[in-house]
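Read the structure below first, then the notes.
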Amino acid sequence: MSLVDDARRVRENAYAPYSNFKVGAAIRAASGEVYLGVNVENVAYPEGTCAEAGAIAAMCAAGDSEIAEVAVIADSPVPVSPCGGCRQKLAEFGRGEVKVTLATTDGTTRETTLGDLLPGAFDQTQMERA
């Protein structure tokens, strides 16, 4: 089963009663383990959780901390990209060359990298003092 298939399968568990826009995410950690996440809406919209953030949380909860590959899927006309906040979250745990597959439920895919999704990402080196 591919990472996109994992994301497709878990997408059905998304909690999206307000937008009806279900998103599934799958992360393969450097350890080889796969972690899944879905978007979880809340009637107070800013309190929801993105699928990518859920997969990252599952990865951290299991003790992994390095992303090797990402897949995100939604029922949209074109492959949907992670939001800006999730791009930064993904960059926290993965290098720029990490493969990201964006997919639609009808089978359209777009491959990119974390670095292409978030060029010039803010990272810990920018917080170091000389």
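The values are calculated or read from the model by the stated rules, or taken from the named source; none is laboratory data. Just so it is clear, the structure is predicted and the values come from calculations on it, not from any experiment. In this analysis, Cβ positions are derived from the backbone assuming ideal geometry, glycine residues included, and neighbour counts consider all displayed protein chains. We work out accessible area using only protein heavy atoms, side chains counted, and drop any ligands, DNA or RNA first. Shrake-Rupley method; radii C 1.70, N 1.55, O 1.52, S 1.80 Å.
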#### Entry: Inter-label distance for Asp5 and Asp116, nm, one decimal - labels placed 7 Å from Cα along Cα-to-Cβ
2.4 nm
### Summary
Farthest towards the positive end of the dipole of the chain, among Tyr15, Val98, Met59 and with Cβ unit charges of +1 on Lys and Arg and -1 on Asp and Glu, lies the Cα of Tyr15
### Summary
Over the chain, with neighbouring protein chains present, the accessible area per residue in Å² at probe 1.4 Å is 55 Å²
### Query
Efficiency by 1/(1 + (r/R0)^6): what FRET value for Gln124 and Ser31, r their Cβ-Cβ distance, R0 = 22 Å, to the nearest 0.05?
0.55
#### Entry: Estimated FRET transfer efficiency when R0 is 30 angstrom, pair Thr49-Val78 (beta carbons, to 0.05)
0.85
### Summary
So Ser65 and Ala16, fully extended at 0.36 nm per residue minus their Cα-Cα distance, gain in nm 14.9 nm
### Query
Taking the Cα centre of the chain as the origin, how large is its charge dipole in debye, to the nearest 20, when only Lys and Arg (+1) and Asp and Glu (-1) carry charge on their Cβ atoms?
120 debye
### Query
Sorted by accessible area with a 1.4 angstrom probe, largest first, how do Val78, Val10, Val40 fall?
Val78, Val40, Val10
### Summary
Exposed-loop cut sites defined as chymotrypsin sites (Phe, Trp or Tyr not before Pro) in DSSP loop states with at most 13 other Cβ within 10 angstrom; longest site-free run of the chain spans 22-121
### Task
Kindly express, to the nearest 10 degrees and within the range 0 to 90, the angle between helix 84-93's C-alpha long axis and the longest C-alpha principal axis of the chain.
50 degrees
